[in-house]
């Protein structure tokens, strides 16, 4: 199901895998502070 986000909407608190393979939620990483997310496709 695609996200239906509009400009200015808060991003859902999803869980992803960190660089050590541990699950981390966006809320946990941001700890209540503003957060910038960048997604890169493929290996470098």
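Rule-based calculations on the coordinates, nothing more; no lab input. This one's a predicted model, so the numbers in the text were calculated from it and none came from an experiment. When we count neighbours, we look across all protein chains shown, and the Cβ atoms used for this are built from the backbone with ideal geometry, even at glycine.
In table form, for the structure just shown:
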| quantity | calculated |
| --- | --- |
| Distance in nm between pseudo-label sites at residue 11 and residue 28 (7 Å out along the Cβ direction from Cα) | 1.6 nm |
| Convex hull (Cα only) mean projected area of the chain, reported in nm² to one decimal | 4.4 nm² |
